[in-house]
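Report on the structure given below.
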Amino acid sequence: VQLQASGGGLVQAGGSLRLSCVVSGRTLSASAVGWFRQVPGKERDFVAAITDTDHRTWYSQSVKGRFTISRDNAKNTVFLQMNSLKPEDTAVYYCTYNPPPGTTVYDATYDYWGQGTQVTVSS
C-alpha cells in the first residue's frame with residue numbers, strides 16, 4: 001500500500017490550502033483514513049479522520065471548525081481542506097490508512113503512512 005500526499009506549501013495566515021492523498025494498492029473504501037501533523041522535535045499529532053462506512057469525521061480541538069476531511073472512494077483519494085490557517089498549523093502533514101484493531105482513529109498507530117507534505121503558514 002502506498003500513500004502519496006500533495007498540496008502543501010507556503011501560505012499567509014488566514015489563507016487556505018487543500019491537501020490530497022492518493023492511496024494505491026488497496027481500496028480506499030476498506031478503511032478509515034486520517035491526517036496527522038508533526039513539527040521537529042515533537043510527536044505526531046492527530047488532526048482529522050474519517051471512517052470507511054458512514055464517513056463519520058473526527059477533528060482535533062485545535063482545527064475543529066477550520067479544517068474539513070473528506071474522501072472520494074471512487075478516486076481512492078482523501079482530502080484535507082484547511083481554512084483560516086494559523087502560524088501554529090505549520091508542520092509536516094501525513095495521511096494515514098488502516099488503523100489496527102483495538103486502536104482508535106486518534107492513535108498514531110495506523111498501518112500505512114504517506115511521505116508527508118510541508119505546510120508553512122507565515123504571520
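Quick notes on this structure:
- Inspection of the range 17-28 identifies no residue that is on the phi > 0 side of the Ramachandran plot and touching a residue at least 40 places away in the same chain (Cβ under 8 Å).
To keep it simple, each residue is scored yes or no on (1) without any contact (Cβ under 8 Å) to a residue 40 or more places away in the chain; (2) over 17 Å from Val1 (Cβ atoms); (3) in contact with a Cys (Cβ under 6 Å, 6 or more places away or on another chain).
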| site | (1), (2), (3) |
| --- | --- |
| Arg44 | no, yes, no |
| Ala48 | yes, yes, no |
| Thr77 | no, no, no |
| Gln81 | no, yes, no |
| Leu85 | no, yes, no |
| Gly116 | no, no, no |
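- Residues that are under 18 Å from Arg56 (Cα atoms) and under 14 Å from the mean Cα position of the chain (by Cα) number at least 2 in the following strands (runs of 3 or more DSSP E) confined to the range 73-123: 77-82, 91-97.
- Scanning the range 32-44 for residues that are surrounded by 20 or more Cβ atoms within 10 Å (Cβ to Cβ) and either of a type in the set (A, V, I, L, M, F, W, C) or modelled with pLDDT under 90 (or both) yields Ala32, Val33, Trp35, Phe36.
- Reported count of residues in the range 66-91, each being open to solvent by 60 Å² or more (accessible area, probe 1.4 Å) and among the hydrophobic types (A, V, I, L, M, F, W, C), is 1.
- Cross-chain or 6+ apart pairs with Cβ under 8 Å, the range 3-16 first and closer than 13 Å to Ser122 by Cα, then surrounded by 13 or more Cβ atoms within 10 Å (Cβ to Cβ) and among the basic types (Lys, Arg): Ala13/Lys86
- Answer residue from the range 1-31, given it is of a type in the set (Val, Ile, Thr) and farther than 16 Å from Trp113 by Cβ and is surrounded by the fewest Cβ atoms within 10 Å (Cβ to Cβ) among those: Thr27
- Taken together, Val63, Val47 contain a single residue that is part of a loop (DSSP other than H, G, I, E, B) and either surrounded by 17 or more Cβ atoms within 10 Å (Cβ to Cβ) or over 10 Å from the mean Cα position of the chain (by Cα) (or both), which is Val63.
The values are calculated or read from the model by the stated rules, or taken from the named source; none is laboratory data. Model, not experiment: these values are computed from the prediction. Because the Cβ atoms are built from the backbone with ideal geometry, glycine has one as well, and the counts that use them run over all protein chains shown. Quick note on the areas: whole protein, heavy atoms, side chains included, nothing else; ligands and nucleic acids left out. Shrake-Rupley method; radii C 1.70, N 1.55, O 1.52, S 1.80 Å.
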